[in-house]
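Engineer: Pasting a structure here, questions to come.
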Amino acid sequence: AQSVTQLDSQVPVFEEAPVELRCNYSSSVSVYLFWYVQYPNQGLQLLLKYLSGSTLVKGINGFEAEFNKSQTSFHLRKPSVHISDTAEYFCAVSPGDYGQNFVFGPGTRLSVLP
Amino acid sequence: DTEVTQTPKHLVMGMTNKKSLKCEQHMGHRAMYWYKQKAKKPPELMFVYSYEKLSINESVPSRFSPECPNSSLLNLHLHALQPEDSALYLCASSTPGTGVTEAFFGQGTRLTVV
């Protein structure tokens, strides 16, 4: 089974500052990793994903994430945030070649302050 | 077309009512999912259909009954729900096979049980 931990439930940051949202996972098999964003009263939108290959993954809206297998982490970063980045961010895993499940972390609320 | 369309967007139902949630996608995806999301919580997997067959049922109460009439449609039939079933219900789709490489989510149906 897979599990996902997001250590920070809330992250306040000032506009144009950098931000890092942390994600750690646990799995006995190789996994695929994802970051999704959810704006209020909306569905989930994929920001980026890691399936294989380069450990630095670039996504939409200027976000990027780095896969670190030894630390079982997949932290999300953005060098300069905007007010419009205020949302809930979910890290998620699927069990690679071993199934059709899709497990989410508890989420991190990013609040960008003016 | 990369959309997953859910109807209705909002639904209020009594505990003795029968209602259905609908989900439609035209991306050729053959895996479809129902998730339940409570406020300030991550989505929780309810059901997975792969090639129109139920492949995962996460021990969901029988008052929730999924149906996949064809490769583009997914329904969730609701009967005798409880107030604690009030939540955002999200539909998603992806390519099937080994591992979920990306899931597309609909905007959700906000369900209130009174």
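The values are calculated or read from the model by the stated rules, or taken from the named source; none is laboratory data. Predicted model, so just to flag it, every value in this text is computed and none were measured. Neighbour counts run over all protein chains shown; Cβ positions are idealised from the backbone, glycine included. These area figures cover heavy atoms from the full protein model, side chains too; ligands, DNA and RNA do not enter into them. Shrake-Rupley method; radii C 1.70, N 1.55, O 1.52, S 1.80 Å.
Engineer: Has the stretch B:75-85 got any residue that is within 27 Å of A:V37 (Cα to Cα), more than 14 Å from chain A (Cβ to nearest Cβ), open to solvent by less than 50 Å² (accessible area, probe 1.4 Å) and under 11 Å from the mean Cα position of the chain (by Cα)?
Structural biologist: So far as the stretch B:75-85 goes, yes, one or more of its residues are within 27 Å of A:V37 (Cα to Cα), more than 14 Å from chain A (Cβ to nearest Cβ), open to solvent by less than 50 Å² (accessible area, probe 1.4 Å) and under 11 Å from the mean Cα position of the chain (by Cα).
Engineer: With a cut-off of at least 3 residues that are closer than 25 Å to B:K36 by Cα and among the hydrophobic types (A, V, I, L, M, F, W, C), name the strands (runs of 3 or more DSSP E) lying wholly within the stretch A:2-100.
Structural biologist: It comes to A:32-38, A:44-50, A:87-94.
Engineer: Here is a follow-up. Is there a residue in the stretch B:43-52 that is under 18 Å from B:N17 (Cβ atoms) and of a type in the set (A, V, I, L, M, F, W, C)?
Structural biologist: no
Engineer: If you check B:L76, B:L54, B:L45, which single one turns out to be in contact (Cβ under 8 Å) with a residue 24 or more places away in the chain and not small (G, A, S)?
Structural biologist: Answer to the check: B:L76.
Engineer: Of the conditions (1) surrounded by 15 or more Cβ atoms within 10 Å (Cβ to Cβ); (2) of a type in the set (A, V, I, L, M); (3) more than 17 Å from B:F105 (Cβ to Cβ), B:L54 satisfies every one except a single condition; which number is it?
Structural biologist: Against the list (1) surrounded by 15 or more Cβ atoms within 10 Å (Cβ to Cβ); (2) of a type in the set (A, V, I, L, M); (3) more than 17 Å from B:F105 (Cβ to Cβ), B:L54 comes up short only on (1).
Engineer: Starting from residues that are at pLDDT 95 or above and away from chain B (no Cβ under 14 Å), keep the ones in the stretch A:36-66 and report whichever is most open to solvent (accessible area, probe 1.4 Å).
Structural biologist: A:K58
Engineer: Could you tell me whether the stretch B:32-48 includes any residue that is open to solvent by less than 40 Å² (accessible area, probe 1.4 Å), under 10 Å from the mean Cα position of the chain (by Cα) and of a type in the set (V, I, T)?
Structural biologist: yes
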